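Visitor: Here it is: the structure, laid out below.
The values are calculated or read from the model by the stated rules, or taken from the named source; none is laboratory data. Every value quoted in this text rests on a predicted model; they were computed, and no experiment measured them. So basically every Cβ, Gly included, is an ideal-geometry build from the backbone, and we count neighbours across all protein chains shown. Keep in mind that these areas ignore ligands, DNA and RNA; they rest on the heavy atoms of the full protein, side chains included. Shrake-Rupley method; radii C 1.70, N 1.55, O 1.52, S 1.80 Å.
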Amino acid sequence: MLRKPLIGMNADYRSAKKDSPAYSFLAAGYYERILTAGGIPVIVPLMDSEDDLNQVLDTLQGFVMIGGQDLDPRRDGFMLHPSVRFMERRREAFDRRLMRLIAERRLPFFGVGVGMQLLNVSQGGNLFLHIPEDVPHAIPHKDLQDPAHRHSLVVVPGSLMERVYGEGEIRVNSMHHMAVDDVAPGFAVTARCPDGVVEAIESETPDWFAFGTQFHPEAESASALDVRIFEEYIDGVNAHCRQFSEVHMLVA
């Protein structure tokens, strides 16, 4: 019987307040999509010890980095914008350490929302801090009155995104005000909104199966077609595991 891959996930975090303790939380859609696609989700809590985190990563075959609030642009050498809604400091510090270790290991990776943005900046890219100002001609990418706000998507032929969506009209959910600007070396844009805003990137490096989506295929507003992204991800993880096993058999 084929063993299902163990897929790590980080979690969101809220620090202690006067009326409640600190706690971690996670939208159920992430682990439900992984389970449906054939993986076993493993939630990885915030850890201060890098040795402990490495021990956990040793057991995983892939990692999904979830969405959340904004990264602090000052940590990447950029000015602060008043629209930034900060991720909790402790979560951001952990996510950045986690992203570095995942990249060093070339662990199969799928980043959603800010997870994709962190993938991009960690590998040498940068971000638009506020689409309405940085891309004035852009259509709305966030509607505070409509959490199911959607826009169309244009995918690149030959990409994972094309395998998911094929041809025809595509619409995805949209709930962000930051976006990828310069794409990191070794990555390519594989989906955009018609206004040019980046909606997906994929690794072009043969030894790393890694990609991200700015939209949220785990959310309730996602379509049945969007969910197939998780299936493609698990397929890619399984292919990576088979290749890894074959290499080790040859070496042995």
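Visitor: Name every residue in the stretch 1-34 that is of a type in the set (A, V, I, L, M), open to solvent by less than 90 Å² (accessible area, probe 1.4 Å) and out of contact with any Leu (no Cβ under 9 Å at 6 or more places or on another chain), in order of residue number.
Guide: Ala16, Ala22, Leu26, Ala27, Ala28, Ile34
Visitor: Same structure again: Does any residue of the stretch 218-230 turn out to be open to solvent by 60 Å² or more (accessible area, probe 1.4 Å) and under 20 Å from Lys142 (Cβ atoms)?
Guide: Yes, that holds for at least one residue.
Visitor: Still on this model: State which residue is nearest to Arg106 (Cα to Cα) when the search covers only the stretch 17-45 and only residues that are assigned to a helix (DSSP H, G or I) and among the hydrophobic types (A, V, I, L, M, F, W, C).
Guide: Checking each candidate, the answer is Ile34.
Visitor: If Phe63 meets every condition in (1) of a type outside the set (A, V, I, L, M); (2) at pLDDT 95 or above; (3) in contact with a helix residue (DSSP H, G or I) (Cβ under 6 Å, 6 or more places away or on another chain); (4) open to solvent by 30 Å² or more (accessible area, probe 1.4 Å) apart from one, which number is that one?
Guide: Only one criterion is unmet by Phe63, namely (4).
Visitor: Now for a different question. Of all residues in the stretch 46-72, which are touching a strand residue (DSSP E or B) at 6+ places or on another chain (Cβ under 7 Å), more than 22 Å from Tyr233 (Cβ to Cβ) and not in a strand (DSSP E or B)?
Guide: Leu46, Gln69, Asp72
Visitor: While we're looking at this one, here's another question. Hey, could you check the stretch 111-144 for residues that are in a strand (DSSP E or B) and touching an Asp or Glu at 6+ places or on another chain (Cβ under 9 Å) and say which is most open to solvent (accessible area, probe 1.4 Å)?
Guide: Phe128
Visitor: Let me ask another. Only residues that are surrounded by fewer than 16 Cβ atoms within 10 Å (Cβ to Cβ) and of a type in the set (Gly, Ala, Ser): list them for the stretch 187-204, please.
Guide: Matches in the stretch 187-204: Ala188, Gly196.
Visitor: I need every pair where a residue in the stretch 161-181 that is open to solvent by 10 Å² or more (accessible area, probe 1.4 Å) has its Cβ under 8 Å from the Cβ of a residue that is at pLDDT 95 or above and part of a helix (DSSP H, G or I), sequence separation at least 6 or different chains.
Guide: Filtered contacts from the stretch 161-181: Arg163/Glu232.
Visitor: Return the pair list, or none, for Cβ contacts closer than 8 Å from residues in the stretch 2-21 that are touching a residue at least 40 places away in the same chain (Cβ under 8 Å) to residues that are open to solvent by 90 Å² or more (accessible area, probe 1.4 Å) and not in a strand (DSSP E or B), at least 6 apart or on different chains.
Guide: Short answer, once both residue conditions are applied: Tyr13/Arg90; Ser15/Arg90.
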